[in-house]
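Input: a single structure, listed below in structure tokens.
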Amino acid sequence: MAYEVIARKWRPQIFDEVVGQEAITRTLRNAVEQERLHHAYLFTGARGVGKTTTARILAKALNCRTGVTVTPCGVCASCTEIAAGGSLDVIEIDAASHTGVDNIRDVVINSVGIAPARDRYKVFIVDEVHQLSGAAFNALLKTLEEPPSRVVFVLATTELHKVPDTIASRCQLFEFKTIPLTKIQAKLGEIATSMKVDITPAALAAVARAGEGSMRDAQSALDQVIAFSGERIDMPDVATALGIVGDETLYDAIDAISTSDAPAALRQAAKLAEAGHDLRSFTRSLMRTVRNLLVTRAIGYDPELVDAAEADAERVVDLASRFTEAELVRLFSLLTALEQDIRHSADPRFQLEIGLVRMAELPRLRPLDEIIDRLTKLEARLTGESGAVAPSAPARPVASPPPVAPRAAPPAPKRAPAATAPRGAAAPAIPSPAPPRSVADEGPPEPPPFFDDEPPSDFEPAPPRSPSPPRTRSAAKSTAPTAPPVATEPLDGDAAVREIRARLEAQNKMMLLTAFDAATSVAVDGGRLVLSFDAVTAVHGRTAELSKALIESIARDVVGRTVRLAVVVGAADASTAAGAAPSAATQAALEDPAVQGLLEAFQGQLIRVDPPEGESET
Ligand SMILES: Nc1ncnc2c1ncn2[C@@H]1O[C@H](COP(=O)(O)OP(=O)(O)O)[C@@H](O)[C@H]1O
Ligand SMILES: [Mg+2]
Ligand SMILES: [Zn+2]
């Protein structure tokens, strides 16, 4: 006998067999028992959750030979014809293929007045009703407004918002839910047992999960896996048959993130992409994993709540212990954004790579006591500094990293400890290819831990008040061989800006030109190119930051020396004068050691400068 697909073979035949829609089936049962029926029902919900199934059961309940009953016999002519979808009095229309007004006229309007041929009720089941044309809706509406007796409409749709209100308001609405994983899993288990298929719990869970709340999709996935591996099914079979990523891979990815191992994360992305995996579904699986970790972190490992294979419990507990709850929440929201980005991207692989690296490089959140500790030290240092030249360094050995959050297994940082970076070395003349950093950052690519020894030379007290002449920084004096020849006649600020814009245009960098246009001011000020934005245009500031390296290299060519890009996002009124450098207050703030210290200690960003009370800006 030919293989009958599971979804068809296992279509529920009575209300009690419909899984996960208990509220709906109870209401319908009551209606049938009391024969208090609506003329029209509107079933909405995702695909494969039981809409058509329930509609057919309702039709059988009304038309079974044994009488109107909540338990149709299933063997009489009416029941069998309805179950097969071919009854004279129960008419199924797929609106997706009958979109024309004529079809609705022919099939519905013209036959609606004719009494049932054999059964008690005429039932019209219109699937994907939102696909009807406007004219067809109007025709349907007329019928719904004056429904003949003994006619019941069941309209079904996956997209409720596309059904006109005029139609929806005349129907009793039932919202079918996606089916809980545990219920799908139980159903699949029952099916597997009856088919004498031996499937491990982890594999069963993975198949159920593949349905994403749709029973039909889960059942089709089971068909697929059985076709692939026969009667013994293990997790690797499922992964291969369904093209899903095994849990091991997910845990490895989290492992890489927890140890800030960006290269490992990148290797994983490459492996997944090359194996042809659906990267979006991988991202979703990663979300599930992070959610499991969060649950474990919050309330301990609970097999009821954590959706993971029993055998992986230890691994889950270990991974969970490496993060704080706040970090896991942040990972989750990054993954949510990543999933969106992948959905809309022509190059999902790039998105995944960037996303994974971003997560791996996520500065770990510091526990509050550590923050207070840092602030105290910062305060101490500043007071010491104002005292005089006396070195105010706290007596912590250079190499020891700041205390890290009390984690079960503190991951060893994979990046070279910053303290090993040569002190006082000139910053490279070539703009660092590092990811965009905080706007006010002027330090070398890998700044040393802020508190661990004497302040870097950048932290000389700022000159009185601005507008200050550009400070000469070691970076600007760089004599690295890659530095371009110094222009003999340095361009003045405005001319330089004009030239930078011209080059951006020549290179067709329209996004960046737009960002320049959106800036409230653009100024070349010694070694700095300052782009100011207000709250409204701040988004363009980010565009500029993302292309920091490019902008800096163009500016360097134009000005003839190393130029650092500074993106300043200020209050809307902070910098109105066109061509002005950042406002005096902003400039002063950026040069204030206390502010610099805060920015660096928290990897922060200068958003706005409010002038002290009583002072007004000029
Ligand atoms: N709630 C459910 N309980 C049990 N099986 C279901 C359920 N929903 C869907 N199925 C399975 O999926 C198949 C298709 O369901 P169907 O009712 O046609 O979904 P739809 O909501 O798309 O109309 C059914 O034959 C059945 O095997
Ligand atoms: Mg359907
Ligand atoms: Zn019957």
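Coordinate-derived values only; no laboratory data. Please read all numbers here as calculations on a predicted model, not as lab measurements. Using ideal geometry, Cβ is built from the backbone for each residue, glycine included, and neighbour counts are taken over all protein chains shown.
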Problem set entry | Residue-span extension gain [Glu190 to Ala84] - 0.36 nm each, minus C-alpha spacing | 35.8 nm
For this session: Can you list which of the chymotrypsin sites (Phe, Trp or Tyr not before Pro) found in segment 130-226 are DSSP loop residues with at most 13 other C-beta atoms within 10 Å?
Result: none
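Using only alpha carbon positions, build the gyration tensor of segment 181-242, then give the equivalent ellipsoid semi-axes as the square roots of 5 times its eigenvalues, largest first, whole angstrom. Don't skip to the answer; put the middle values down first.
Values: eigenvalues 45, 31, 20 Å².
Here the semi-axes work out to 15, 12, 10 Å.
What is the gain in length, in nm to one decimal, between Ala275 and Ser553 on full extension, counting 0.36 nm per residue of separation less the C-alpha to C-alpha distance?
Values: separation 278, 0.36 × 278 = 100.08 nm, distance 3.77 nm.
Stretched out fully, the Ala275 to Ser553 stretch lengthens by 96.3 nm.
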Exercise. Amide H neighbours of Val126 under 5 Å, counting only residues 5+ apart in sequence or on other chains, H built in-plane at 1.01 Å?
Worked result: Ile93, Val154, Leu155, Ala156
For this session: Under a cut-off of 28 Å between alpha-carbon atoms, report the lysines in cross-link reach of Lys377, not counting same-chain residues fewer than 8 places apart.
Result: Lys414
Seminar exercise, completed: Its Cα gyration tensor gives segment 12-124 an equivalent ellipsoid whose semi-axes in whole Å, largest first, are 22, 18, 13
Seminar exercise, completed: With 0.36 nm assigned to each residue of separation and the Cα-Cα distance removed, Ala77 to Arg118 gains 13.7 nm
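Kirkwood Rh over alpha-carbon pairs of segment 247-360, then Stokes-Einstein at 25 °C and 0.890 mPa s: what D in µm² s⁻¹, rounded to an integer? Each step should come with its number before you reach the end.
Details: Rh = 14.0 Å.
This corresponds to a translational diffusion coefficient of 175 µm²/s.
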For this session: Hand me the GluC sites (Glu not before Pro) from segment 17-122 located in a DSSP loop with no more than 12 other Cβ atoms within 10 Å, in residue order please.
Result: Glu35
Seminar exercise, completed: Protection proxy (average C-beta count within 10 Å per residue), highest first, orders 2-12, 310-320 as 310-320, 2-12
Problem set entry | Cross-link reach list, lysines versus Lys509, counting only Cα pairs under 27 Å and skipping chain neighbours closer than eight places | Lys548
